[in-house]
Amino acid sequence: MKNLLITGGAGFIGSNFIRHILQLKPDVFITNLDALTYAGNLVNLSDLPDSANYEFVHGNINDTKLLKTIFNDKKIDTVVNFAAESHVDRSILNPAAFVETNILGTYSLLNVAHEAWKHRMNSVGGEEFRFHHISTDEVYGSLQPDDTPFNEYSRYDPRSPYSASKASSDHLVRAYHHTYHLPITITNCSNNYGPYQHPEKFIPMMIINAIQGKRLPIYGDGLQVRDWIHVSDHCEAIYRVLLNGLNGATYNLGSGSEHTNLEIAGLICDTLDTLLPNSVGESRQKLLQHIPDRPGHDRRYAMDITFVKENLGWQPAISLTDGIMQTVKWYLEHIHWIEEITKNADFSRWVQLNYDGRDERTI
Ligand SMILES: NC(=O)c1ccc[n+]([C@@H]2O[C@H](COP(=O)([O-])OP(=O)(O)OC[C@H]3O[C@@H](n4cnc5c(N)ncnc54)[C@H](O)[C@@H]3O)[C@@H](O)[C@H]2O)c1
(Lines give C-alpha, C1' and ligand atoms only; values in the text may rest on other atoms or scores of the structure.)
Protein backbone atom coordinates (compact mmCIF):
# COMPACT_ATOMS: atom_id res chain seq x y z
CA MET A 1 0.00 0.00 0.00
CA LYS A 2 1.82 3.10 -1.28
CA ASN A 3 -0.75 5.16 -3.14
CA LEU A 4 -4.19 5.02 -1.63
CA LEU A 5 -7.39 6.31 -3.23
CA ILE A 6 -10.07 6.96 -0.63
CA THR A 7 -13.50 7.78 -2.02
CA GLY A 8 -16.03 9.59 0.16
CA GLY A 9 -13.28 10.78 2.51
CA ALA A 10 -15.10 14.00 3.39
CA GLY A 11 -17.93 12.04 5.03
CA PHE A 12 -18.16 10.57 8.50
CA ILE A 13 -16.24 7.27 8.37
CA GLY A 14 -13.98 8.30 5.47
CA SER A 15 -12.69 11.39 7.29
CA ASN A 16 -12.01 9.35 10.43
CA PHE A 17 -10.21 6.76 8.31
CA ILE A 18 -7.98 9.39 6.68
CA ARG A 19 -6.91 10.58 10.15
CA HIS A 20 -6.27 6.97 11.15
CA ILE A 21 -4.02 6.28 8.14
CA LEU A 22 -2.13 9.58 8.38
CA GLN A 23 -1.28 8.64 11.94
CA LEU A 24 -0.32 5.02 11.35
CA LYS A 25 1.14 5.18 7.84
CA PRO A 26 2.38 8.72 7.20
CA ASP A 27 4.45 7.45 4.25
CA VAL A 28 1.34 6.39 2.26
CA PHE A 29 0.10 8.97 -0.28
CA ILE A 30 -3.64 9.53 0.10
CA THR A 31 -5.87 10.90 -2.63
CA ASN A 32 -9.32 11.71 -1.27
CA LEU A 33 -11.99 11.84 -4.00
CA ASP A 34 -15.30 13.22 -2.80
CA ALA A 35 -18.27 14.79 -4.59
CA LEU A 36 -19.09 16.90 -1.49
CA THR A 37 -22.78 16.02 -1.47
CA TYR A 38 -24.88 17.34 1.44
CA ALA A 39 -23.15 14.63 3.55
CA GLY A 40 -19.56 15.49 2.65
CA ASN A 41 -17.88 18.55 4.08
CA LEU A 42 -14.26 19.66 4.15
CA VAL A 43 -14.73 20.94 7.71
CA ASN A 44 -14.62 17.25 8.64
CA LEU A 45 -10.97 17.34 7.59
CA SER A 46 -10.01 20.80 8.82
CA ASP A 47 -7.94 19.38 11.70
CA LEU A 48 -5.76 17.15 9.49
CA PRO A 49 -2.07 17.49 10.24
CA ASP A 50 -0.09 19.23 7.49
CA SER A 51 1.03 16.47 5.21
CA ALA A 52 2.65 16.46 1.78
CA ASN A 53 1.13 12.98 1.44
CA TYR A 54 -2.50 14.05 1.26
CA GLU A 55 -4.50 15.56 -1.59
CA PHE A 56 -8.20 16.31 -1.96
CA VAL A 57 -9.90 15.97 -5.35
CA HIS A 58 -13.44 17.28 -5.76
CA GLY A 59 -15.22 14.83 -8.04
CA ASN A 60 -17.67 12.02 -8.56
CA ILE A 61 -17.00 8.27 -8.62
CA ASN A 62 -19.21 8.16 -11.72
CA ASP A 63 -16.73 10.37 -13.60
CA THR A 64 -14.72 7.73 -15.46
CA LYS A 65 -12.42 10.25 -17.13
CA LEU A 66 -11.46 11.79 -13.79
CA LEU A 67 -10.96 8.33 -12.26
CA LYS A 68 -8.62 7.31 -15.07
CA THR A 69 -6.54 10.45 -14.57
CA ILE A 70 -6.29 9.82 -10.82
CA PHE A 71 -5.30 6.16 -11.20
CA ASN A 72 -2.73 7.08 -13.80
CA ASP A 73 -1.22 10.22 -12.26
CA LYS A 74 -1.22 8.95 -8.66
CA LYS A 75 -0.23 5.36 -9.49
CA ILE A 76 -3.03 4.09 -7.27
CA ASP A 77 -2.42 0.60 -5.86
CA THR A 78 -5.14 0.54 -3.19
CA VAL A 79 -8.74 1.76 -3.26
CA VAL A 80 -11.00 2.12 -0.25
CA ASN A 81 -14.52 2.85 -1.44
CA PHE A 82 -16.51 4.73 1.20
CA ALA A 83 -18.39 6.97 -1.27
CA ALA A 84 -22.10 6.33 -0.97
CA GLU A 85 -25.49 7.71 -0.26
CA SER A 86 -25.76 6.43 3.29
CA HIS A 87 -29.06 7.37 4.91
CA VAL A 88 -31.89 4.81 4.87
CA ASP A 89 -34.58 7.49 5.34
CA ARG A 90 -33.37 9.40 2.30
CA SER A 91 -33.31 6.19 0.25
CA ILE A 92 -37.02 5.74 0.94
CA LEU A 93 -37.77 9.19 -0.50
CA ASN A 94 -35.22 9.23 -3.31
CA PRO A 95 -33.88 5.79 -4.29
CA ALA A 96 -32.49 7.12 -7.60
CA ALA A 97 -29.50 8.81 -5.93
CA PHE A 98 -28.67 5.50 -4.22
CA VAL A 99 -28.75 3.58 -7.48
CA GLU A 100 -26.65 6.31 -9.11
CA THR A 101 -23.84 6.40 -6.55
CA ASN A 102 -23.93 3.09 -4.71
CA ILE A 103 -24.49 0.84 -7.71
CA LEU A 104 -23.40 2.74 -10.83
CA GLY A 105 -20.63 4.62 -9.02
CA THR A 106 -19.14 1.42 -7.60
CA TYR A 107 -19.41 -0.12 -11.07
CA SER A 108 -17.47 2.72 -12.72
CA LEU A 109 -14.85 2.64 -9.97
CA LEU A 110 -14.46 -1.12 -10.41
CA ASN A 111 -14.08 -0.75 -14.17
CA VAL A 112 -11.34 1.85 -13.92
CA ALA A 113 -9.61 -0.04 -11.08
CA HIS A 114 -9.70 -3.20 -13.17
CA GLU A 115 -8.09 -1.44 -16.16
CA ALA A 116 -5.46 0.16 -13.92
CA TRP A 117 -4.66 -3.17 -12.25
CA LYS A 118 -4.25 -4.92 -15.62
CA HIS A 119 -1.95 -2.12 -16.72
CA ARG A 120 0.13 -2.45 -13.54
CA MET A 121 0.33 -6.25 -14.02
CA ASN A 122 1.81 -5.69 -17.48
CA SER A 123 4.27 -3.04 -16.36
CA VAL A 124 5.30 -3.07 -12.69
CA GLY A 125 3.68 -6.27 -11.39
CA GLY A 126 0.14 -6.05 -10.09
CA GLU A 127 0.19 -8.23 -7.02
CA GLU A 128 0.31 -5.18 -4.79
CA PHE A 129 -3.19 -4.06 -5.70
CA ARG A 130 -6.39 -4.05 -3.69
CA PHE A 131 -9.94 -2.81 -4.15
CA HIS A 132 -11.49 -2.61 -0.70
CA HIS A 133 -15.22 -2.01 -0.53
CA ILE A 134 -16.98 -0.65 2.56
CA SER A 135 -20.38 -2.16 3.19
CA THR A 136 -23.00 -2.67 5.83
CA ASP A 137 -24.70 -5.33 7.96
CA GLU A 138 -28.01 -4.15 6.48
CA VAL A 139 -27.45 -6.24 3.32
CA TYR A 140 -28.37 -9.32 5.39
CA GLY A 141 -31.86 -8.07 6.25
CA SER A 142 -33.58 -8.22 9.61
CA LEU A 143 -33.14 -10.75 12.45
CA GLN A 144 -35.83 -12.19 14.71
CA PRO A 145 -35.12 -11.92 18.46
CA ASP A 146 -33.93 -15.55 18.72
CA ASP A 147 -31.89 -15.68 15.49
CA THR A 148 -28.12 -16.05 15.69
CA PRO A 149 -26.12 -13.01 14.49
CA PHE A 150 -25.18 -12.66 10.82
CA ASN A 151 -21.96 -14.33 9.70
CA GLU A 152 -20.13 -14.11 6.36
CA TYR A 153 -22.32 -16.91 4.94
CA SER A 154 -25.66 -15.38 5.87
CA ARG A 155 -28.01 -14.95 2.92
CA TYR A 156 -28.37 -11.46 1.49
CA ASP A 157 -31.89 -10.15 2.10
CA PRO A 158 -31.82 -6.34 1.79
CA ARG A 159 -35.08 -4.56 2.52
CA SER A 160 -34.58 -0.83 2.00
CA PRO A 161 -33.45 0.92 -1.18
CA TYR A 162 -30.25 1.79 0.73
CA SER A 163 -29.42 -1.78 1.71
CA ALA A 164 -30.49 -3.10 -1.72
CA SER A 165 -28.09 -0.67 -3.41
CA LYS A 166 -25.25 -1.66 -1.04
CA ALA A 167 -26.00 -5.36 -1.61
CA SER A 168 -25.87 -4.78 -5.33
CA SER A 169 -22.49 -3.04 -5.06
CA ASP A 170 -21.13 -5.92 -2.92
CA HIS A 171 -22.22 -8.40 -5.61
CA LEU A 172 -20.50 -6.34 -8.31
CA VAL A 173 -17.26 -6.22 -6.30
CA ARG A 174 -17.31 -10.01 -5.81
CA ALA A 175 -18.18 -10.51 -9.49
CA TYR A 176 -15.08 -8.52 -10.53
CA HIS A 177 -13.02 -10.78 -8.30
CA HIS A 178 -14.47 -14.08 -9.51
CA THR A 179 -14.70 -13.10 -13.18
CA TYR A 180 -11.64 -10.92 -13.71
CA HIS A 181 -9.58 -11.88 -10.61
CA LEU A 182 -9.43 -8.27 -9.42
CA PRO A 183 -7.91 -8.40 -5.90
CA ILE A 184 -10.69 -7.34 -3.54
CA THR A 185 -11.82 -7.41 0.07
CA ILE A 186 -15.15 -6.35 1.56
CA THR A 187 -16.06 -5.36 5.10
CA ASN A 188 -19.69 -5.39 6.21
CA CYS A 189 -19.97 -3.33 9.37
CA SER A 190 -22.72 -2.59 11.85
CA ASN A 191 -23.96 0.91 12.80
CA ASN A 192 -21.14 3.38 13.51
CA TYR A 193 -21.07 6.37 15.83
CA GLY A 194 -18.40 8.88 16.83
CA PRO A 195 -16.94 12.27 15.83
CA TYR A 196 -17.99 13.99 12.58
CA GLN A 197 -21.15 11.94 12.01
CA HIS A 198 -23.78 13.90 10.11
CA PRO A 199 -26.56 15.23 12.38
CA GLU A 200 -29.25 13.50 10.30
CA LYS A 201 -28.15 10.17 11.81
CA PHE A 202 -29.64 8.73 15.00
CA ILE A 203 -26.87 9.24 17.60
CA PRO A 204 -25.77 12.77 16.57
CA MET A 205 -29.39 13.82 16.22
CA MET A 206 -30.12 12.61 19.76
CA ILE A 207 -27.02 14.37 21.13
CA ILE A 208 -27.56 17.66 19.29
CA ASN A 209 -31.29 17.85 20.01
CA ALA A 210 -30.66 17.01 23.67
CA ILE A 211 -27.99 19.74 23.91
CA GLN A 212 -30.45 22.21 22.37
CA GLY A 213 -33.34 21.04 24.56
CA LYS A 214 -35.36 19.92 21.51
CA ARG A 215 -37.53 16.82 21.41
CA LEU A 216 -35.87 13.48 20.69
CA PRO A 217 -37.81 11.68 17.95
CA ILE A 218 -37.95 7.90 18.37
CA TYR A 219 -39.30 5.77 15.53
CA GLY A 220 -42.19 3.51 16.56
CA ASP A 221 -41.74 1.70 19.88
CA GLY A 222 -37.95 2.35 19.83
CA LEU A 223 -37.23 -1.33 20.41
CA GLN A 224 -35.30 -1.81 17.16
CA VAL A 225 -31.98 -3.47 18.01
CA ARG A 226 -28.62 -2.40 16.58
CA ASP A 227 -25.00 -3.42 17.18
CA TRP A 228 -23.30 -0.02 17.63
CA ILE A 229 -19.56 0.26 17.01
CA HIS A 230 -17.28 3.24 17.57
CA VAL A 231 -15.91 4.57 14.27
CA SER A 232 -12.28 4.30 15.41
CA ASP A 233 -12.75 0.54 15.96
CA HIS A 234 -14.18 0.31 12.44
CA CYS A 235 -11.21 2.25 11.01
CA GLU A 236 -8.71 -0.02 12.73
CA ALA A 237 -10.50 -3.10 11.35
CA ILE A 238 -10.35 -1.72 7.79
CA TYR A 239 -6.65 -0.97 8.27
CA ARG A 240 -5.99 -4.57 9.39
CA VAL A 241 -7.94 -5.92 6.42
CA LEU A 242 -5.88 -3.75 4.05
CA LEU A 243 -2.64 -5.04 5.59
CA ASN A 244 -3.46 -8.72 6.03
CA GLY A 245 -6.94 -9.47 4.63
CA LEU A 246 -7.24 -12.50 2.36
CA ASN A 247 -7.73 -11.72 -1.31
CA GLY A 248 -11.45 -12.17 -2.12
CA ALA A 249 -12.56 -12.34 1.52
CA THR A 250 -15.48 -10.69 3.28
CA TYR A 251 -15.17 -9.70 6.94
CA ASN A 252 -18.16 -8.96 9.15
CA LEU A 253 -17.48 -6.22 11.69
CA GLY A 254 -19.44 -5.18 14.75
CA SER A 255 -19.17 -4.54 18.45
CA GLY A 256 -20.84 -7.75 19.54
CA SER A 257 -23.19 -5.83 21.84
CA GLU A 258 -26.82 -5.17 21.00
CA HIS A 259 -28.98 -2.31 22.22
CA THR A 260 -32.40 -0.90 21.43
CA ASN A 261 -32.75 2.63 20.10
CA LEU A 262 -34.53 3.57 23.33
CA GLU A 263 -31.56 2.31 25.40
CA ILE A 264 -29.13 4.34 23.27
CA ALA A 265 -31.25 7.49 23.51
CA GLY A 266 -31.56 6.99 27.29
CA LEU A 267 -27.79 6.53 27.65
CA ILE A 268 -27.16 9.73 25.67
CA CYS A 269 -29.60 11.68 27.88
CA ASP A 270 -28.01 10.34 31.07
CA THR A 271 -24.48 11.05 29.79
CA LEU A 272 -25.39 14.60 28.88
CA ASP A 273 -27.17 15.10 32.22
CA THR A 274 -23.90 14.13 33.93
CA LEU A 275 -21.66 16.31 31.75
CA LEU A 276 -23.99 19.29 31.49
CA PRO A 277 -26.93 19.23 33.94
CA ASN A 278 -29.72 21.42 32.59
CA SER A 279 -30.72 24.55 34.50
CA VAL A 280 -33.76 22.98 36.21
CA GLY A 281 -32.00 19.69 36.93
CA GLU A 282 -34.48 17.66 34.86
CA SER A 283 -33.56 14.44 33.08
CA ARG A 284 -33.33 14.88 29.30
CA GLN A 285 -35.21 11.59 28.98
CA LYS A 286 -38.31 13.82 29.25
CA LEU A 287 -37.53 14.98 25.71
CA LEU A 288 -38.06 11.50 24.21
CA GLN A 289 -41.07 11.40 21.89
CA HIS A 290 -42.30 8.52 19.77
CA ILE A 291 -43.13 9.28 16.15
CA PRO A 292 -44.62 6.96 13.49
CA ASP A 293 -42.20 4.23 12.48
CA ARG A 294 -40.01 4.28 9.37
CA PRO A 295 -41.63 2.22 6.57
CA GLY A 296 -40.09 -1.27 6.41
CA HIS A 297 -37.94 -0.59 9.49
CA ASP A 298 -35.65 -3.59 10.12
CA ARG A 299 -36.13 -4.91 13.64
CA ARG A 300 -32.72 -6.25 14.56
CA TYR A 301 -29.16 -6.44 13.23
CA ALA A 302 -26.30 -8.28 14.94
CA MET A 303 -22.90 -9.38 13.67
CA ASP A 304 -20.87 -12.51 14.39
CA ILE A 305 -17.25 -11.29 14.31
CA THR A 306 -15.54 -14.65 14.91
CA PHE A 307 -13.89 -14.74 11.45
CA VAL A 308 -12.16 -11.36 11.71
CA LYS A 309 -11.14 -12.05 15.31
CA GLU A 310 -9.56 -15.38 14.46
CA ASN A 311 -7.94 -14.34 11.19
CA LEU A 312 -6.82 -10.78 11.78
CA GLY A 313 -6.75 -10.57 15.57
CA TRP A 314 -9.08 -7.57 15.50
CA GLN A 315 -11.74 -6.90 18.06
CA PRO A 316 -13.44 -3.69 19.15
CA ALA A 317 -11.62 -1.82 21.92
CA ILE A 318 -14.18 0.83 22.94
CA SER A 319 -17.17 -0.08 25.12
CA LEU A 320 -20.52 1.55 24.40
CA THR A 321 -20.54 3.61 27.60
CA ASP A 322 -17.00 4.91 27.02
CA GLY A 323 -17.72 5.53 23.35
CA ILE A 324 -20.93 7.45 24.04
CA MET A 325 -19.18 9.48 26.76
CA GLN A 326 -16.36 10.40 24.33
CA THR A 327 -18.83 11.17 21.55
CA VAL A 328 -21.12 13.37 23.65
CA LYS A 329 -18.02 15.26 24.87
CA TRP A 330 -16.83 15.66 21.27
CA TYR A 331 -20.15 17.19 20.16
CA LEU A 332 -20.15 19.51 23.18
CA GLU A 333 -16.65 20.66 22.26
CA HIS A 334 -17.52 21.11 18.57
CA ILE A 335 -20.59 23.36 18.66
CA HIS A 336 -19.04 25.36 15.81
CA TRP A 337 -18.87 22.20 13.67
CA ILE A 338 -22.54 21.48 14.43
CA GLU A 339 -23.47 25.04 13.36
CA GLU A 340 -21.41 24.71 10.19
CA ILE A 341 -23.03 21.42 9.17
CA THR A 342 -26.61 22.26 10.17
CA LYS A 343 -26.73 25.71 8.56
CA ASN A 344 -27.13 23.91 5.23
CA ALA A 345 -30.64 24.71 3.90
CA ASP A 346 -31.10 21.14 2.69
CA PHE A 347 -30.58 19.87 6.23
CA SER A 348 -33.17 22.19 7.80
CA ARG A 349 -35.70 21.25 5.13
CA TRP A 350 -34.95 17.58 5.71
CA VAL A 351 -35.39 17.74 9.49
CA GLN A 352 -38.61 19.69 9.14
CA LEU A 353 -40.05 17.27 6.60
CA ASN A 354 -39.03 14.11 8.35
CA TYR A 355 -39.06 14.70 12.05
CA ASP A 356 -40.58 18.05 13.04
CA GLY A 357 -43.58 17.62 10.74
CA ARG A 358 -44.54 14.18 11.98
CA ASP A 359 -47.40 13.56 14.37
CA GLU A 360 -46.37 12.82 17.90
CA ARG A 361 -47.56 9.63 19.52
CA THR A 362 -47.92 8.93 23.16
CA ILE A 363 -45.34 6.55 24.59
N1 LIG B 1 -22.42 5.06 8.98
C2 LIG B 1 -22.60 3.77 9.26
O3 LIG B 1 -23.10 3.41 10.33
C4 LIG B 1 -22.14 2.72 8.27
C5 LIG B 1 -22.13 1.39 8.68
C6 LIG B 1 -21.66 0.42 7.77
C7 LIG B 1 -21.24 0.80 6.51
N8 LIG B 1 -21.30 2.11 6.15
C9 LIG B 1 -20.81 2.47 4.80
O10 LIG B 1 -19.66 3.26 5.00
C11 LIG B 1 -19.53 4.21 3.94
C12 LIG B 1 -19.37 5.60 4.52
O13 LIG B 1 -20.51 5.89 5.34
P14 LIG B 1 -20.64 7.28 6.10
O15 LIG B 1 -21.57 7.07 7.22
O16 LIG B 1 -19.31 7.84 6.32
O17 LIG B 1 -21.40 8.13 4.97
P18 LIG B 1 -21.48 9.70 4.78
O19 LIG B 1 -22.81 9.94 4.15
O20 LIG B 1 -21.13 10.43 6.02
O21 LIG B 1 -20.33 10.01 3.70
C22 LIG B 1 -20.43 9.65 2.36
C23 LIG B 1 -19.42 10.47 1.59
O24 LIG B 1 -19.47 10.05 0.22
C25 LIG B 1 -19.46 11.22 -0.60
N26 LIG B 1 -20.14 10.87 -1.86
C27 LIG B 1 -21.46 10.59 -2.03
N28 LIG B 1 -21.70 10.33 -3.32
C29 LIG B 1 -20.51 10.42 -3.98
C30 LIG B 1 -20.12 10.25 -5.33
N31 LIG B 1 -21.01 9.90 -6.27
N32 LIG B 1 -18.82 10.42 -5.65
C33 LIG B 1 -17.91 10.77 -4.70
N34 LIG B 1 -18.23 10.96 -3.40
C35 LIG B 1 -19.52 10.79 -3.05
C36 LIG B 1 -20.21 12.27 0.21
O37 LIG B 1 -19.91 13.58 -0.24
C38 LIG B 1 -19.70 11.97 1.61
O39 LIG B 1 -18.52 12.68 1.88
C40 LIG B 1 -20.77 4.03 3.07
O41 LIG B 1 -20.42 3.21 1.99
C42 LIG B 1 -21.76 3.32 3.97
O43 LIG B 1 -22.65 2.53 3.23
C44 LIG B 1 -21.74 3.08 6.99
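The values are calculated or read from the model by the stated rules, or taken from the named source; none is laboratory data. These numbers come from a predicted model, not from an experiment. So basically every Cβ, Gly included, is an ideal-geometry build from the backbone, and we count neighbours across all protein chains shown.
If I ask for residues that are touching a residue at least 40 places away in the same chain (Cβ under 8 Å) and part of a helix (DSSP H, G or I), which ones from region 20-38 would you list?
H20, I21, L24 - these are the residues of region 20-38 that are touching a residue at least 40 places away in the same chain (Cβ under 8 Å) and part of a helix (DSSP H, G or I).
Please work out if A164 is within 16 Å of the ligand (Cβ to nearest atom), small (G, A, S) and closer than 29 Å to R349 by Cβ. Full working, then the answer.
Numbers: within 16 Å of the ligand (Cβ to nearest atom): yes; small (G, A, S): yes; closer than 29 Å to R349 by Cβ: yes.
For A164, the condition - within 16 Å of the ligand (Cβ to nearest atom), small (G, A, S) and closer than 29 Å to R349 by Cβ - is met.
Could you check region 65-75 and list, in sequence order, the residues that are away from the ligand (no atom under 12 Å from the Cβ) and surrounded by fewer than 23 Cβ atoms within 10 Å (Cβ to Cβ)? I'd like the intermediate steps shown before the answer.
Filtering region 65-75 for residues away from the ligand (no atom under 12 Å from the Cβ) gives 65, 68-69, 71-75.
Once the filter is applied, which keeps residues that are away from the ligand (no atom under 12 Å from the Cβ) and surrounded by fewer than 23 Cβ atoms within 10 Å (Cβ to Cβ), region 65-75 yields K65, K68, T69, N72, D73, K74, K75.
With the condition kept exactly as written, say whether any residue in region 200-215 is in contact with a Gly (Cβ under 9 Å, 6 or more places away or on another chain) and not charged (D, E, K, R).
Step one: of region 200-215, the residues in contact with a Gly (Cβ under 9 Å, 6 or more places away or on another chain) are 203.
After this cut, where a residue has to be not charged (D, E, K, R) as well, the list is 203.
There is at least one residue in region 200-215 that is in contact with a Gly (Cβ under 9 Å, 6 or more places away or on another chain) and not charged (D, E, K, R).
Within region 270-284, how many residues turn out to be in a helix (DSSP H, G or I) and surrounded by fewer than 20 Cβ atoms within 10 Å (Cβ to Cβ)?
Going through region 270-284, the residues in a helix (DSSP H, G or I) turn out to be 270-275, 284.
Restricting the remaining residues to those that are surrounded by fewer than 20 Cβ atoms within 10 Å (Cβ to Cβ) gives 270, 273-275.
Result for region 270-284: 4.
Tell me which residues, restricted to region 209-229, are small (G, A, S) and either under 26 Å from Y140 (Cα atoms) or free of Cβ contacts under 8 Å to residues at least 24 places away in the same chain (or both). Full working, then the answer.
Here is the first cut: in region 209-229, the ones small (G, A, S) are 210, 213, 220, 222.
Result: G220, G222.
Are there any pairs, at least 6 apart or on different chains, whose C-beta atoms fall under 8 Å, with the first in region 189-208 and more than 14 Å from H234 (Cβ to Cβ) and of a type in the set (F, W, Y) and the second within 11 Å of the ligand (Cβ to nearest atom) and in a loop (DSSP other than H, G, I, E, B), and if so, which?
Going by the 8 Å Cβ cut-off, the qualifying pairs are F202/N191.
If you go through region 51-58 one residue at a time, do you hit one that is touching a Leu at 6+ places or on another chain (Cβ under 7 Å), exposed (fewer than 14 other Cβ atoms within 10 Å of the Cβ) and not aliphatic (A, V, I, L, M)?
Looking through region 51-58, at least one residue is touching a Leu at 6+ places or on another chain (Cβ under 7 Å), exposed (fewer than 14 other Cβ atoms within 10 Å of the Cβ) and not aliphatic (A, V, I, L, M).
Here is a list of conditions, (1) closer than 29 Å to I18 by Cα; (2) in contact with a Leu (Cβ under 6 Å, 6 or more places away or on another chain), and I268 meets all of them except one; can you say which number that is?
Here I268 clears every test but (2).
Can you name every residue in region 39-62 that is in contact (Cβ under 8 Å) with a residue 12 or more places away in the chain, more than 24 Å from E333 (Cβ to Cβ), not in a strand (DSSP E or B) and not β-branched (V, I, T)?
N53, G59, N60, N62
I'd like the residue in region 91-122 that is of a type outside the set (A, V, I, L, M) and without any contact (Cβ under 8 Å) to a residue 12 or more places away in the chain and, out of all such residues, is farthest from Y219 (Cα to Cα). Don't jump to the end; show me each part of the working.
Within region 91-122, the first condition is being of a type outside the set (A, V, I, L, M), and the residues that meet it are 91, 94-95, 98, 100-102, 105-108, 111, 114-115, 117-120, 122.
With the extra rule that they be without any contact (Cβ under 8 Å) to a residue 12 or more places away in the chain, the set shrinks to 94, 118-119, 122.
Numbers: N94: 20, K118: 48, H119: 50, N122: 54 Å.
Here the answer is N122.
Checking the conditions here, which among I229, I218, I186 is more than 10 Å from the ligand (Cβ to nearest atom), out of contact with any Asp or Glu (no Cβ under 8 Å at 6 or more places or on another chain) and modelled with pLDDT of 95 or more? Steps first, answer last, please.
Values: I229 fails: more than 10 Å from the ligand (Cβ to nearest atom); I186 fails: out of contact with any Asp or Glu (no Cβ under 8 Å at 6 or more places or on another chain).
Only one candidate qualifies: I218.
Please specify each residue of region 237-264 satisfying the condition of being modelled with pLDDT of 95 or more, in a loop (DSSP other than H, G, I, E, B) and either more than 21 Å from A167 (Cβ to Cβ) or of a type in the set (V, I, T) (or both). So that I can check it myself, show each step before the final result.
If we filter region 237-264 for residues that are modelled with pLDDT of 95 or more, which is where we start, we get 237-255, 258-264.
Those left that are additionally in a loop (DSSP other than H, G, I, E, B): 245-249, 254-255, 258.
L246, N247, S255, E258 - these are the residues of region 237-264 that are modelled with pLDDT of 95 or more, in a loop (DSSP other than H, G, I, E, B) and either more than 21 Å from A167 (Cβ to Cβ) or of a type in the set (V, I, T) (or both).
I'd like the full set of residues that are more than 9 Å from the ligand (Cβ to nearest atom) and either among the hydroxyl-bearing types (S, T, Y) or closer than 22 Å to E115 by Cα (or both), limited to region 33-57.
The initial filter retains those residues of region 33-57 that are more than 9 Å from the ligand (Cβ to nearest atom), namely 42-43, 45-57.
Selection gives S46, S51, Y54, V57.
Any idea which of Y251, Y219, Y196 is closer than 24 Å to R90 by Cα, surrounded by 22 or more Cβ atoms within 10 Å (Cβ to Cβ) and among the aromatic types (F, W, Y)? Talk me through it step by step, then tell me what you get.
Details: Y251 fails: closer than 24 Å to R90 by Cα; Y219 fails: surrounded by 22 or more Cβ atoms within 10 Å (Cβ to Cβ).
Among Y251, Y219, Y196, only Y196 is closer than 24 Å to R90 by Cα, surrounded by 22 or more Cβ atoms within 10 Å (Cβ to Cβ) and among the aromatic types (F, W, Y).
Only one residue in A116, A83 is buried (at least 18 other Cβ atoms within 10 Å of the Cβ) and closer than 20 Å to Y239 by Cα, so which one is that?
Working: A116 fails: closer than 20 Å to Y239 by Cα.
Among A116, A83, only A83 is buried (at least 18 other Cβ atoms within 10 Å of the Cβ) and closer than 20 Å to Y239 by Cα.
Within region 285-321, which residues are loosely packed, with under 15 Cβ neighbours inside 10 Å, charged (D, E, K, R) and in contact with a Ser or Thr (Cβ under 9 Å, 6 or more places away or on another chain)?
Selection gives R299 alone.
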